[in-house]
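Student: This is the structure, below, for whatever I ask next.
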Amino acid sequence: MKFGNNLHHLSIPEWRSYNIDYNDLKAQIRAITQGKPDGLVPLRQSFLDNFDYINLFVQTKHGELVRKVQYFQVLFRQVASVASSYDASDAASGSPSTRQELRMVLYDMDEIFYGAIDISVVLKNLSKFILIQKIAVKKIMKKFLKYYTADPDLAASFVFGLKESLFQNPASFINFDLSGLTKQLTDFMKEIKQEQKLITAKLNGTSVHDDVLVPKSQPPASHQHQKPVSSESKFDMTIFLKKNFNLHFLLPSDTNNLIELVLNLNITLNFKGNNEESSDLSFLFLTNDNDLHAEPSYIISQKNLSYSTIIAHTGGLRKHAYCVLPNNVVQLLLDHLLNKDDPVSLKKLASYFDLSTSPLTKITLDAILSKDLKPSMKLVCKRLRYILKKNHEEEEHQEIEQQENIRKDSIDNAVTYDDEPPRVDQISLAPSSDTKQYQDDYYITLDHDIYTTDDPQLTSNIQFHEPSSSAFTKFDRFPHNHLSFYSNDSNLSNFEHSMETSVDSKNGIVSTTYPATKFRKLPTKIQNIISTNNSLNMFKSLSFYQYMISCYYNAFPRGDFGNNHYSKLLNLNLLKSFENVQKFNNQLNVDSKLKRNLSMKSLASAGAMAGATGNELKRPPPLVNRNSTISVVSNYSIPSIFTDREEEDDDDTKMLQFYDQSPLKLDKDVDEDYYSLYVKLNEEYDHESSLFNTFMLKSHKLKRKLVTNIGKIFDGREKEPILPQYYSSSHDGKTKYGYGNTEGEYLINENPYSNYDSINEEPPSFLDRNRFINIHKEYEFEYDQTLAYIYFCLNLICIFLSGIELGIVYSIFMDMDIPSNESQFTIANNLWLILVLPKTQPAAAMSQFNPEDFKKYANYLVTEVEEGVVHLQLNNTKRLNAFSEQFWRDYHEIFVKLDQLESTKVILVSSSVPRAFTTGLDLKSAMAEMALYSGLSPLERQAALKKHIEDFQYCVGIPARISTPTIGLLNGLNLGLALDLAACYSIRVATEDAKFCIAEIKIGIAADIGSLQRLPALFNNKGQLFQYCLTGETFGSQDGLRLGYVTKVVPDLKSGVEYIKELASNISPYQGWAIRGTKKCIQDILDGQSVEEGLKFVADYNSKNIPDTFAKKPAKL
């Protein structure tokens, strides 16, 4: 898709009108290149106008967000002052009204926090908007340089002038920095969470524990060499020494992109960061110039810390040794490594260590000194750290459970519920809930501002240099940022090993493929981070050490590290990943789900608060569980000056009016939908169902608008939206919160200190979100009514089409004596209908077995043994059933046809040749096919051969993919391909004379058609399987029976055929759908499907197929 069209899909929906006018600029460039050189002046003005338009939008939107944050901060201070007026003793043993006061404050802080989350979503969108505009500007300028060939120097000067106008303007979107606002917002949200903890601790009479990922520790007087001096250094040491598996990503170094990712990480991981700001890190590489490919040792230092960590590569079982030493001692070690002939440095170094030095420290230093290592390269960066605990779900619920306990007493005293009230902790803040228990914690690092050097003056010490210093100019900037996950979770290892990363050196595009089944086994939050950030570019086996030795020593990385060569990494075009519309939409969907989940929590909080105050709402309306058919979501949002209302009207939602609430006095100009709630069908249904649901909701929305507009014409009046009443009052100088305004007016908390002044926008009251209603019955009524309308319309359409069809048939078969001029529709003029009509019943033609359909396959005999049982025999006696290309393509085609027959319940496979089931691949035919590739280039040959192998795999694997069970009888020789074929059968039976051999290793290839992938699931002795595969040894039928490869051994081919027929006759009497479903469920598990996915499938499958009464059990069984 061209970028001009792509830009529309890559834009924030409500801000699309503020994009650069890409297509208009492209049209002007096209006009100029077609012979209008004087058009450069208006083109330049068009560019500048677009730049000013974008700049104004970004500045105004940024100012709007700043004022929102300030407003919420003032509001938070006011609410927090209520809690600060009570000490712990008042809260723990005070009156019920005091405790109720603090509970209300907790709910209000929740609302402020949700408002801050909303701001963070808009801030992410703004950073994304800026980056997309940068990409668009870059592309349109590149297009101008490409097509303006009349005067290349003039074109270059023109583009240079435009870039200069952008970069020299401090208010330009190119120079716009959102980092200050991001830090302010992040700190504010952390402050809210900390204040909530303090209030909860007051009510529970407990103490508050600092939320630190790794406990901080300070060095004692006599420093222990293995004890980190800070939580950050312990974090870095943990990921290096204790986490065996890792996953790496590269992302553009653009500041706004970094801000967006930081916000995503903070929200997704619930602010579980190890430090609020980036810390400066230095990695000094110790290497031996004679063996650069050996793994290096490291010295890791952090700015403003007086100790550094030394990690030495020792090899063997330990692999690494480490120690933590003061920076002055580390400097002595570096001096000695650089000049081992200097006795002074050695003497000073030795004087530091005494007899109490730990053995691990000695091993570390001995490994460095004995290998003649020297400091050769240095990497500096800024690092942010996060952690995802393996039991993170339990930790996130602990605080909520404490709040639930706080709230129980007031609920019990205020009102009696028919069943349990809605709980806040039942609704997850994250876009998707993750309740699995994982094997290990996930440590996450985000490195940015990465620089490298091999300058001897910089590598000879561990000092940090300011970017403005002259020494810093000797560093080389790495043009990307780096995100990493570290864990001992085997799922991470399996996923990383299944990845394949390729780099297009010409276009600088990095692409990584991986199996979706392994990706889904990662923690859900990790999946969300990966799939919703279109800036992330997955990169297998990323190594900065390999990158640096290729830069500074021209050493080509070996093995899996080939993509780390500087010529590939430095030329990557990571901004290309932003043009992935699917990932962009995924992120918008996640943000939308986040808002909905926040609204659900708000509704739950409001319901609990209403019950606790004991107002006229006797019971909070039930909230719908997240797995139910509908989800209740608040649709209230603050209208921005940049919001496109037409875009919002396209939302696939259904707006509903409410009932059973007291009316509110609202402005007549307020749109009814503005204060309503909507019901959206759950997105967790499958794709087909969601399409139907979307159609239903759109139809109902259209009907509702028509009914509402017609009602306004005849009634001349509008329904007022109905909302719960919430008010604030003051008593004894303390703010009181609650329901029950007898005047029926909706009041918000007055704030004399608020100076919120966003253009054309009212102050966003955090209390406006507290709306909840019972809408289930009305939803059901409206849904059924809409469904009835649709069915009625479908009936009318069917009647209309039936009339047309009857007219056509009548015209064709009417009395032929009627003159042709009286008939407008005769057979002579419409012969094409005669060809179409006989093809209207293809299903009936394929419902029963017909032997004539299979006679064209020369190498096969296909017969029907009994009803529902088909026997397929391999019948190439001359070649002992050796498979040529036509042979395996026919094999696939036959299985597909048999599976499509409704009557087929079991397929039997055997050989008509007594000497062999199959001798495998027909090598003569294969060599002839290989000769066709001789004239191709190496890359073309590789691509063609890969395509051939994949086709071969697909055809041979057909028995495993179809839903009809298969039984294979294996006799005589079973070489190579024979095991690939048999591994796909549901049941395998062997004759006494059967001999099996995985023979591919003998001809110099790895078995590539499926045996190496499927046999491990069949063999109960994996070591024996390795032996057979690696040696090409032959094993017999009894060995196959012992190893679980076959289920029974029969005397000979004839008795074997009788046995498999009898086995099939025991299966065929049962229901066809039950047989197929059973086979598919087992096969899917063998192919890697999880138990949960299998249970979900079989529940759906049975619910669609189980009849009203079960089939009777066959008499003979």
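Student: Explain nothing, just compute: Karplus ³J(HN,Hα) = 6.51 cos²θ - 1.76 cosθ + 1.60, θ = phi - 60°, for every residue of segment 1040-1045 in order, whole Hz, x for Gly and Pro.
Tutor: x, 5, 5, 7, x, 6
Student: Please arrange Ser17, Ser279, Ser543, Ser127 by how many other C-beta atoms lie within 10 Å of their C-beta, fewest to most.
Tutor: Ser17, Ser543, Ser279, Ser127
Student: If you don't mind, another one. Given H placed on each backbone N at 1.01 Å, which residues far from Phe883 in sequence or on other chains put an amide H within less than 5 Å of it?
Tutor: Gly920, Leu921, Asp922
Student: Determine the sum of side-chain charges near Ile1003: Lys and Arg each +1, Asp and Glu each -1, restricted to other residues whose C-beta is under 14 angstrom from that of Ile1003.
Tutor: Neighbourhood net charge equals -1.
Student: Take Arg558, Arg889 and order them by how many other Cβ atoms sit within 10 Å, fewest up front.
Tutor: Going from sparsest to densest Cβ surroundings: Arg558, Arg889.
Student: Then there is this: Taking the Cα-to-Cβ direction at Asp342 and at Gln1071 and moving 7 Å from each Cα, how far apart do the two end points lie in nm?
Tutor: Spacing of the two 7 Å Cα→Cβ label points: 8.6 nm.
Student: Now for a different question. Could you tell me which of the pairs Lys521/Lys905; Lys128/Lys540; Lys897/Lys947; Lys856/Lys905 are separated by over 28 angstrom between their Cα atoms in the structure shown?
Tutor: Violating the 28 Å Cα-Cα cut-off are Lys521/Lys905.
Student: Once amide H atoms are placed 1.01 Å from N in the peptide plane, what residues at a sequence separation of 5 or more from Ser308, or on another chain, have their amide H within under 5 Å of its amide H?
Tutor: Leu325, Asn327
Student: Something else: P(r) tail for segment 281-375, what percent of Cα pairs lie past 17 Å?
Tutor: 49 percent
Student: Moving on to the next point. Given q = 0.09, 0.11 Å⁻¹, what are the Debye log10 I(q)/I(0) values for segment 850-1068, with equal point scatterers placed on the Cα positions and solvent ignored?
Tutor: -0.35, -0.52
Student: Arrange the following residues from fewest to most other Cβ atoms within 10 Å of their Cβ: Met109, Met930.
Tutor: Met930, Met109
Student: For Phe952, what is the net charge nearby, where nearby means another residue's Cβ is under 11 Å from its Cβ and Lys, Arg count +1, Asp, Glu -1?
Tutor: Once positives and negatives cancel, what remains is -3.
Student: Averaging over every viewing direction, what projected area does the convex hull of the Cα atoms of segment 3-204 cover, in nm²?
Tutor: 13.2 nm²
Student: Ok, one more. Once amide H atoms are placed 1.01 Å from N in the peptide plane, what residues at a sequence separation of 5 or more from Arg988, or on another chain, have their amide H within under 5 Å of its amide H?
Tutor: Gly968, Thr1047
Student: For the pair Asp291/Asp784, report the inter-label distance in nm, with labels modelled 7 Å from Cα in the Cβ direction.
Tutor: Output for this residue pair reads 8.0 nm.
Each reported figure results from applying straightforward, stated rules to the coordinates on display, with no laboratory input. Keep in mind that this is a model prediction, so the values were computed, not measured. Counting neighbours? That spans all protein chains shown, and the Cβs are built from the backbone with ideal geometry, glycine included.
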